[in-house]
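Taken together, the values in this text are just the output of simple stated rules run on the coordinates, not laboratory data. All values derive from a computational prediction rather than experimental measurement. For neighbour counting, all protein chains shown are included, and Cβ atoms are generated from backbone atoms with ideal geometry for every residue, glycine included.
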Amino acid sequence: MSKKVIRIFGMPSHSYVDRVSGVDFVRIIQPMKALDGYKDEDTEFKVTVYNHAENESFDWRDVCADNDIIYFNYTTNDVGYAVMGTMAQKYKCKLVCDVDDDIFNIMPGNPAYDGFKKGTWGLTVFTTILNDVSYVTCTNNHLRHSLQFNTKKYGDKIAVFPNYIDLSLYKHRSPFKDTDTYTALHFGSSTHHQDLYSPPFEKAINRIMYEYPNFTIKTIGAFIPSYRMKWGKRYQQGFGDTDLMKWIKMMPEHLDDADFMVVPLVNNTYNLSKSGIKYLEASSYKIPGVWQDLRQYREIIKDGVNGYLASTEEEWYTKIKSLLENTKLRKTMGGKAFETVEKDHQIQNQMKSYASFFKRVLSSP
C-alpha cells in the first residue's frame with residue numbers, strides 16, 4: 001500500500017540573502033529539514049525550505065499549487081501575506097504560522113517595541129495574520145495562553161513545540177578548565193540589558209567580585225556600562241553575530257574560555273514566553289551554569305544536578321560561589337547538562353510529534 005505524501009513549504013520570514021536568523025533556523029529551517037523524507041506507517045513528508053541566499057524568487061501560485069501546507073515565521077508584511085493568503089485559499093493550501101515571542105506583551109526596552117506596541121500597525125497586521133491562518137505553533141504553554149487570549153484562535157488550533165538542537169551542528173565540546181582564574185559568561189542581544197541590571201543578580205555579582213579577585217564576568221552582545229565603571233577589566237564584553245551560522249562558528253572561542261554560564265531573566269510575562277535555547281546551546285559545549293528560576297529553565301533543569309536555578313540575591317550568590325569553589329561539581333554538572341540535551345532535546349528525535357501535528361493540520365476543516 002503506497003504512503004500518502006504531505007508536501008510542506010517552509011518559509012523563514014526573518015532571514016535575508018546574507019543572514020540566517022536564529023529564530024528562523026531553530027523554529028522553521030532546522031525542524032523542516034529534519035522532517036523532509038520522514039516516513040511513518042502511512043505518510044511520507046516532502047519538505048522544501050526556502051533559502052534566501054541560494055533560491056531564486058518564486059510565484060506563490062506555483063508554491064500553493066505544489067504544496068499542502070506553508071509553514072512560516074510570523075511577519076508584518078501585510079501585502080506579502082495578502083498575496084500568499086489569496087493563493088493559499090485558491091489552491092486550498094493550509095497556512096501555519098510560528099510565533100516565538102509574546103509580541104502582545106513586548107517590553108519597552110525591546111528594539112522592536114515601537115513596531116509592536118499597542119495601537120501600532122505592526123501589531124494589527126500580526127494579530128490579523130494569526131486570526132487568518134489555519135494553525136499557530138509556539139514555544140511553550142505560557143505563550144500559547146497569551147496567543148489564545150489575544151487572538152480569535154482556540155486552544156486546539158495552537159500547538160506547542162519547544163526549541164530543540166542539532167548536535168551535529170553544535171558539535172564542539174569545550175575542554176574542561178581547571179585554573180586559578182574563573183570566567184562567568186552571558187550571551188544575548190541588547191534586549192537583555194534589563195535582565196543583567198536586575199537587582200538580585202547584580203548585587204550577588206557585586207559580592208562575588210569583592211570576595212574573588214580572580215573572577216571575571218563576560219557578556220557577548222549586551223554591553224552594561226555600570227559593570228565597566230565598577231569592575232573595570234574584570235568585566236569583559238564581546239560581540240556575536242546576527243547570522244546564526246557565523247555565531248555558531250564563533251561560539252567555541254567564547255565558551256572555551258568560560259567556566260560557567262550566568263543567565264538572569266526578569267520575571268515578567270514576556271520573558272516567561274521565551275524558550276530554554278540558551279541552556280541547550282551552552283550545554284552542548286558541556287558548560288554548566290546558573291539560570292533564572294523561571295518556567296522554561298525549570299522544565300529542563302534539575303537544580304544542582306544538570307544546572308543551578310536562582311531567583312533571589314542569596315541564591316545567585318551561593319550558587320555562583322559553589323561553582324567557583326567546587327571543581328568536581330563544575331565538571332560533573334557540565335557533563336549532566338550535555339547528557340540532558342543529548343537524551344531529550346535533539347531535533348532529530350522529535351519528528352513523530354511534528355508529523356502528527358501536520359497530519360492533523362491537513363485533516364482539519
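Here are the numbers for this structure:
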read-out	value
Reach of Lys152 by Cα under 19 Å, taken over aspartates and glutamates that are not fewer than 8 positions away in the same chain	Asp78, Asp98, Asp100, Asp101, Asp102, Asp132
Ranked by how many other beta carbons lie within 10 Å on average, peptides 77-84, 54-61, 320-327 from highest	320-327, 77-84, 54-61
Cysteines having no other Cys beta carbon under 4.7 Å from their own, within the chain	Cys97, Cys138
Segment Asp178-Asn349, length gained on full extension (0.36 nm per residue, minus Cα span)	58.1 nm
Alpha-carbon centroids, region 115-136 and region 257-310: separation in whole Å	30 Å
Estimated inter-spin distance, Asp257 and Asp303, nm [label 7 Å along Cα→Cβ]	3.3 nm
Beta bridge orientation in the chain: antiparallel %, DSSP, nearest 5	5 percent
Footprinting exposure proxy for Asp102, Asp68 (fewest neighbouring C-beta atoms within 10 Å first)	Asp68, Asp102
Dipole moment magnitude, nearest 20 debye, region 268-365 about Cα centre, only Lys, Arg, Asp, Glu C-beta charged	380 debye
Cα-centre dipole for the chain with unit charges at Cβ (Lys and Arg positive, Asp and Glu negative), debye to 20	460 debye
Inverse mean reciprocal Cα-Cα distance (Kirkwood Rh) of the chain, Å	21.8 Å
Neighbour cut-off at most 16 other Cβ (10 Å), DSSP loop, GluC sites (Glu not before Pro), region 245-318	Glu299
Ranked packing of 259-266, 355-362, 133-140, most packed first, by mean Cβ within 10 Å	259-266, 133-140, 355-362
Listed residues Val133, Val305, Ile347: farthest to the positive end of the dipole of the chain (Cβ charges)	Val305
Segments 240-249, 115-124 sorted - mean Cβ within 10 Å per residue, highest first	240-249, 115-124
Shape of region 182-344, Cα gyration tensor, a/c cut at 1.5	rounded
Tyr210-Asp42 FRET efficiency (beta carbon distance; Förster radius 56 Å; 0.05 resolution)	0.30
Prolate/oblate/rounded call for region 175-250, Cα gyration tensor, a/c under 1.5 rounded	oblate
Which of Trp231, Trp291 has the fewest Cβ neighbours within 10 Å, and the rest in rising order	Trp231, Trp291
Sorted by Cβ neighbour density within 10 Å, fewest at the top, the residues Arg27, Arg298	Arg298, Arg27
Longest to shortest principal axis, alpha-carbon extents of region 55-172, angstrom	45, 40, 31
Euclidean distance between Cα centres, region 1-60 to region 151-203, Å	25 Å
For region 137-179, convex hull volume per residue from C-alpha positions, Å³	112 Å³
